[in-house]
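One structure is given here, and the rest of the page talks about it.
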Amino acid sequence: MIPEKQAAIEAIEAKRDVITDVADHIWEYAELSLQEEKSAALYCEVLEREGFQVEKGICGIETAFSATYGSGRPLIGILAEYDALSGLSQKAGSLIREELVPGGCGHGCGHNLLGAGAMAAAIGIRAYLKQSKMPGTVIFYGCPGEEGGAAKAFMARDGVWRKLDAALTWHPEDMNEVETGSSNSCIQVQYKFTGVASHAAGAPEKGRSALDAVELMNIGVQFLREHMSDRARIHYAITDAGGCSPNVVQPRASVLYMVRSNHVSEAVELQARVDRIAEGAALMTDTTFERKFIDGLADTVTNHTLENVLYENFAALGVPSYTEEEHAYADALAKTYPGSDALSGVAANNDPVLAEEVRQMREQNGHAMNAFLAPLYQGDAFKAGSTDVGDVSWLTPTAQIHVAAWPNGCPGHSWQNVSCDGTEIGHKAAVHAGKVLAAAAIDLYRNPELLKEARKEYEIRTKEGYTCPIPADAVPVIPD
Ligand SMILES: [Zn+2]
Ligand SMILES: [Zn+2]
C-alpha cells in the first residue's frame, strides 16, 4: 500500500475512540428523521475539533450541515446519515427483544454507524490532504431524514451535489461488498380531505364524508394501476379515518400516498395523475382537500468506474475480523430470525456464477458474520427500495460500499440490527468503511484520469437529465 494511504489509515486508527464514541452516542440518541438535533450537534462539534470548517443548517434544513477541509479540486463529498426508526428501542448486544426505552426509537438501519464511518473517511482524507499539500477538498455532508424527509433530494434541488467531482458513501449491511445498480424513485404526498360532520342517521343529507373521499380516491388509484407501466408501484396508508364513530359522518380523513418508479420522471408524471384522482374524489363527495408534499427521491445512477476503485481498495484492505465472542454472539443472533442461510449481496442475487462463489465463501467462513469480500458485480442490478443517494447520483458520479455490521440475512429495520449496531461488531464496520472510502478517495485525488472516466460514464448514464422530484416551494416535513 502506498505510504499516503497508510498514513490516512493510521490517522483513522488514531481517532478510533472518537469515531466509536460518536457511533455509540448517536445510537443512544436514536433521533427520528428531521429531528436529529443532538446527533447533528455532536457531529458539528467533533468535526470542528478535528479541523473541519462547519456550516450548520444548510439548504434551510436545521439538522443538515457540511464540514469542509482543504482547498481547490478535486472536490469529493462524503455522505453521512444519522436518523433512527420509531418503535425499535432495543438493548445493545442482546439476543432477545428487550426495549431500552419503552416505546422508544432505535437505529434499526445502522445510521449511527453510517455517519461515524463517513466521519472516519473524512478524518482519513483530511490527514492525506494535509500531508500531501496537494490541492483537493473533502466535504462531509450531514444528511438528515433518510428514513423519511429525503434531505439529499432537497439538497439536490438546491444544486448542492453539482459542484462535486465525486460522492462516496456506505451503508451497514450483512455483507462486505461494493453496491451497484439502480433503485426506485419514490414520491410521498399526503391528501387531507375535509367534509362536514352530521348525525349519520338523523341528518345524513347535511353531512359530507371525508372518509368517502379517501375511499373513492383509493378506488380511482386502483383503476389507475391498470394503466401505468410495469415498472411503477403505488402504495398508500390511511393515516386518519376520521374517528371511530360510525354514526358520525366523518368530517376529516387523510391518506398518504407513495408513488414509485425506476425512472424519476415517470414517478413525477404518475404522481400528477394521483393528484387529479384526489380532485375527482373531492368533486364526487362535495368535500375539499389539502395536498401536502412530504418528500421525493430519484432512482440511483450507478457508476462502475468508481465502483471499481472502491473494490480495489476494499480488496487491498480486507474485511473486519471478529473475536470468538463476537462470532458466538452473531451466530446466536442469526438463530432469532428466518433466512439466515440465504445467499445475500448484490453479486449473489444477480449472477448464478458469482452466487456459487459467494456460497463457497460462506461455507468456508463458517459463521453468521460474513468475514469475506463478495465478488464485484457490474451487470444490471435493481433494488425495489428507494434511497435519496439517488438524487446525489444524478448530479455527480456516486458510489457506495456495504460493510458487514449484522449477521447474514438479518432483516432490515429490525431489533436485531439495533442490538448489533450498539456493539463492537458495529464499531468495526464503521471504522473499516471509513478506511475503504478514504483509500478510494486518495486514488481519486491522485489520479485525475479516474475522475475524468467516472465523469464520462456519469454523463452517458444521465443524458436524459435529472428531474428533481422536489417542487420548488416544498420544505421538508414529517407526515401527520
Ligand atoms: Zn432504512
Ligand atoms: Zn439506511
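Just so you know, all these numbers are worked out from the coordinates, no wet-lab data involved. This one's a predicted model, so the numbers in the text were calculated from it and none came from an experiment. Because the Cβ atoms are built from the backbone with ideal geometry, glycine has one as well, and the counts that use them run over all protein chains shown.
Data for the structure
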| quantity | calculated |
| --- | --- |
| The chain: relative contact order as a whole-number percent, Cα under 8 Å and 6+ apart | 25 percent |
| Value of relative contact order over region 363-480, rounded to a whole percent, pairs C-alpha under 8 Å and six or more apart | 26 percent |
| Potential lengthening between ALA203 and ILE2 on full extension [0.36 nm per residue; Cα-Cα distance subtracted] | 64.2 nm |
| Among 113-120, 98-105, the order from most to least packed when residues are scored by Cβ within 10 Å on average | 113-120, 98-105 |
| Unsatisfied cross-links (Cα-Cα over 24 Å) in the set LYS91/LYS435; LYS133/LYS435; LYS15/LYS428 | LYS91/LYS435 |
| Of the GluC sites (Glu not before Pro) in region 47-76, those whose Cβ has at most 15 other Cβ within 10 Å and which sit in DSSP loop | GLU62 |
| Ratio of the Cα radius of gyration of the chain to 2.2 N^0.38 Å, where N counts its residues | 1.02 |
| By average C-beta atoms within 10 angstrom, highest first, the peptides 429-439, 278-288, 122-132 | 429-439, 122-132, 278-288 |
| FRET efficiency, SER321 to ILE238 (Cβ-Cβ, R0 35 Å, nearest 0.05) | 0.10 |
| Spin-label model distance (nm) - ASP331 vs GLN222, 7 Å beyond Cα toward Cβ | 5.2 nm |
| Net lengthening on full extension, ALA14/ASP341 (0.36 nm per residue, minus Cα-Cα) | 114.1 nm |
| FRET efficiency for ALA384 and GLU459, using Cβ-Cβ distance with R0 set to 22 Å, rounded to 0.05 | 0.25 |
| Coordinate range along principal axes, alpha carbons of region 130-284, Å, largest first | 82, 33, 32 |
| Fewest-first ranking of ILE19, ILE61, using other Cβ atoms within 10 Å as the exposure measure | ILE61, ILE19 |
| Cβ-derived FRET efficiency at R0 45 Å, ALA472 paired with LYS452, nearest 0.05 | 0.85 |
| Relative contact order %, region 323-404, counting alpha carbon pairs below 8 Å whose residues are six or more apart | 27 percent |
| Charge dipole of region 352-480 about the Cα centre (unit charges at C-beta), most positive-ward option of PRO375, ALA474, PRO397 | PRO375 |
| Between region 323-344 and region 86-129, the alpha-carbon center distance in angstrom | 19 Å |
| Lysines whose Cα lies under 29 Å from that of LYS206, excluding same-chain neighbours fewer than 8 positions away | LYS192, LYS292 |
| Dipole axis of region 177-328 (+1 Lys, Arg; -1 Asp, Glu on Cβ), positive-most option in ALA253, PHE293, ALA201 | ALA201 |
| Check: the chain dipole with +1 on Lys, Arg Cβ and -1 on Asp, Glu Cβ, in debye | 940 debye |
| Simple Cβ-charge dipole of region 104-177, Lys/Arg +1 and Asp/Glu -1, about Cα centre, in debye nearest 20 | 560 debye |
| Sparse-neighbourhood loop sites, GluC sites (Glu not before Pro) in region 346-385 - DSSP loop, at most 16 other Cβ within 10 angstrom | none |
| Relative packing of peptides 418-425, 440-447 - highest average C-beta neighbours within 10 Å first | 418-425, 440-447 |
| Farthest toward positive dipole pole in the chain [+1 Lys/Arg, -1 Asp/Glu at C-beta], among GLN90, ALA237, LEU270 | LEU270 |
